[in-house]
Amino acid sequence: MAGVLTLIADQQRRYPTTSQDGGEKLVANSRNRAQKNQTQTLRIIGGRHRGRKLAFASVEGLRPTGDRIRETLFNWLAPHLPGARCLDLFAGSGALGFEAISRGAGHVLLCERNNRAVACISDSLSILKESVGRLHQGDAVELLEQTVEEPFDVVFLDPPFAADLWQVCIDRLTPWLAKEAMVYIESGTDCPYQVPSHWHLHRDKRAGNVRYCLYRVETPERIL
């Protein structure tokens with residue numbers, strides 16, 4: 001027994017990471033690596049990158065828009081998307097932004113604040129090698145409080161449902177919208193929000209407990 005104890009003590013002296021502090025560091029490092037590696041995949045369903053699979057972070061509350069909903073949405077947007085400036089306010093997995101890039105958008109700004117989600121979006125932009133995609137790391141509401149240099153033709157508003165951020169974003173969107181802009185809103189069927197009177201409901205569908213709507217922002221001339 002004494003020989004065994006001596007051997008263990010010698011190993012601890014030679015490999016200090018087996019000490020309590022070292023063990024805690026190893027556990028922490030292993031946890032960080034595991035979190036970084038916790039990813040899922042999404043598939044681009046149309047356009048020049050059709051069929052390409054991209055990784056996204058497994059983050060609580062991150063809920064990529066499903067394939068069927070995306071297909072319907074981008075069919076609605078088909079006449080408006082080529083060359084359009086698009087803003088994906090709560091990018092998350094990047095599903096909507098990447099789909100817009102694949103289908104010919106002229107500029108796509110993806111906004112996301114979660115570090116792990118941002119890292120995956122950045123990797124995917126590098127994989128796609130698309131110069132039209134830009135990534136903004138930060139809070140979407142804070143972004144909308146800033147002054148925009150050039151407004152957007154298409155805006156995707158699909159926040160985490162539990163955060164209830166639809167209205168606060170809608171109330172700040174006007175300066176960010178180009179003439180005749182299209183605004184997509186995805187929400188739960190029981191999530192109330194109110195849009196301005198000059199937003200015309202262009203399309204509206206439900207899938208299970210999800211409601212998704214596309215609004216066309218009318219100009220004052222058209223309203224009159």
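The values are calculated or read from the model by the stated rules, or taken from the named source; none is laboratory data. Being a predicted model, the structure only gives us computed values, none of them experimental. Ideal geometry is used to build each Cβ from the backbone, glycine not excepted, and the neighbour counts take in all protein chains shown. Surface areas here come from the heavy atoms of the whole protein model, side chains and all, with no ligands, DNA or RNA. Shrake-Rupley method; radii C 1.70, N 1.55, O 1.52, S 1.80 Å.
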Failed item in (1) assigned to a helix (DSSP H, G or I); (2) open to solvent by less than 30 Å² (accessible area, probe 1.4 Å), with Y212 passing the rest = (1)
Considering the stretch 92-129 alone, what residues qualify as being under 12 Å from H49 (Cβ atoms) and either among the basic types (K, R) or free of Cβ contacts under 8 Å to residues at least 40 places away in the same chain (or both)?
-> R103, L125, K129
Given (1) farther than 25 Å from A163 by Cβ; (2) open to solvent by 30 Å² or more (accessible area, probe 1.4 Å), N114 misses just (1)
Considering only residues of the stretch 117-137 that are open to solvent by 20 Å² or more (accessible area, probe 1.4 Å) and small (G, A, S), which is farthest from G94 (Cα to Cα)?
-> S131
Where S197 falls short, out of the listed (1) farther than 25 Å from F98 by Cα; (2) touching a strand residue (DSSP E or B) at 6+ places or on another chain (Cβ under 9 Å) | (2)
Which of the residues belonging to the stretch 46-100 are touching a Cys at 6+ places or on another chain (Cβ under 9 Å) and acidic (D, E)?
-> D88
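So that you can scan it fast, the table gives a plain yes or no per residue for (1) touching a residue at least 24 places away in the same chain (Cβ under 8 Å); (2) touching a helix residue (DSSP H, G or I) at 6+ places or on another chain (Cβ under 9 Å); (3) assigned to a helix (DSSP H, G or I); (4) not aromatic (F, W, Y):
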| site | (1), (2), (3), (4) |
| --- | --- |
| E142 | no, no, yes, yes |
| F156 | yes, yes, no, no |
| V168 | yes, yes, yes, yes |
| C191 | yes, yes, no, yes |
Test result for A105, small (G, A, S) and open to solvent by 40 Å² or more (accessible area, probe 1.4 Å) = no
Condition test on S197, is it open to solvent by less than 50 Å² (accessible area, probe 1.4 Å), among the polar types (S, T, N, Q) and either closer than 22 Å to P64 by Cβ or not in a strand (DSSP E or B) (or both)?
-> no
When both residues are 6+ apart or on different chains and their Cβ atoms are under 6 Å apart, which pairs have a first residue that lies in the stretch 61-78 and is touching a residue at least 12 places away in the same chain (Cβ under 8 Å) and farther than 12 Å from E99 by Cα, and a second that is surrounded by fewer than 19 Cβ atoms within 10 Å (Cβ to Cβ) and of a type outside the set (G, A, S)?
-> G61/P160; W76/R203
